[in-house]
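Colleague: I'd like to ask some things about the structure below.
The values are calculated or read from the model by the stated rules, or taken from the named source; none is laboratory data. Here the structure is a predicted model, which is why all the values come from computation and not from measurement. For neighbour counting, all protein chains shown are included, and Cβ atoms are generated from backbone atoms with ideal geometry for every residue, glycine included. We work out accessible area using only protein heavy atoms, side chains counted, and drop any ligands, DNA or RNA first. Shrake-Rupley method; radii C 1.70, N 1.55, O 1.52, S 1.80 Å.
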Amino acid sequence: MGAEFLTSLCIEKVGTTRWRLLSPLHYRSVVFPGLFVVPRGFETDLASIPVAIQSFIPKVGNYDAAAVLHDAGYANRLLTASQREVYTAKPVIDKLFHEACLSLGVGRARAWAMYQAVKLWGDPLGHPSRRTV
């Protein structure tokens with residue numbers, strides 16, 4: 001039994017670069033044993049790919065569900081199967097993203113490049129749900 005998304009990504013566009021989950025997204029991890037749930041209504045920008053490299057790695061692709069999972073982790077919006085909140089460190093969320101990309105069939109080289117990018121430049125404090133006013 002490997003890592004996998006147990007539900008399909010079901011989103012609607014709600015802004016120029018924003019999407020909202022229409023149903024919960026369920027992901028089973030092997031690296032971090034357990035079920036992670038992104039709740040219905042969570043908003044995301046999908047993959048935060050700089051414009052300069054979007055010709056190599058587009059903003060949307062077969063990694064969309066992994067990007068939503070990653071955004072939810074950065075925003076502290078992940079839940080367990082029993083609806084308990086999951087709070088964890090950036091390195092854990094980044095590794096979860098890498099595993100999720102691979103589970104979706106993203107090629108090893110691309111998944112590794114995307115993992116290195118979030119590891120180096122991903123900013124959980126920059127996520128709209130984590131900003132303080």
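Colleague: Out of all the residues in the stretch 103-126, which are part of a helix (DSSP H, G or I) and either open to solvent by 60 Å² or more (accessible area, probe 1.4 Å) or among the charged types (D, E, K, R) (or both)?
Modeller: 108, 109, 110, 112, 119, 120, 121, 125
Colleague: Give the residues of the stretch 56-80 that are at pLDDT 90 or above and open to solvent by 50 Å² or more (accessible area, probe 1.4 Å), sorted by residue number.
Modeller: 62, 77
Colleague: Which residue pairs have Cβ atoms under 6 Å apart, sit 6 or more places apart or on different chains, and have a first residue in the stretch 72-88 that is on the phi > 0 side of the Ramachandran plot and a second that is in a loop (DSSP other than H, G, I, E, B)?
Modeller: Once the first residue is on the phi > 0 side of the Ramachandran plot and sits in the stretch 72-88, its partners that are in a loop (DSSP other than H, G, I, E, B) give 76/87.
Colleague: Mind listing just one residue for me: the one in the stretch 86-102 that is under 11 Å from residue 36 (Cβ atoms) and not hydrophobic (A, V, I, L, M, F, W, C) and, of those, surrounded by the fewest Cβ atoms within 10 Å (Cβ to Cβ)?
Modeller: Here the residue is 88.
Colleague: Taking only pairs six or more apart or across chains, which ones have beta-carbon atoms under 6 Å, a first residue in the stretch 28-53 that is within 15 Å of residue 75 (Cβ to Cβ) and in a strand (DSSP E or B), and a second residue that is at pLDDT 95 or above and not hydrophobic (A, V, I, L, M, F, W, C)?
Modeller: 36/27; 37/24; 37/26; 43/20
Colleague: Restricting to the stretch 14-26, and then to whatever is over 9 Å from residue 43 (Cα atoms), modelled with pLDDT of 95 or more and out of contact with any Asp or Glu (no Cβ under 7 Å at 6 or more places or on another chain), can you tell me which residue is surrounded by the most Cβ atoms within 10 Å (Cβ to Cβ)?
Modeller: 25
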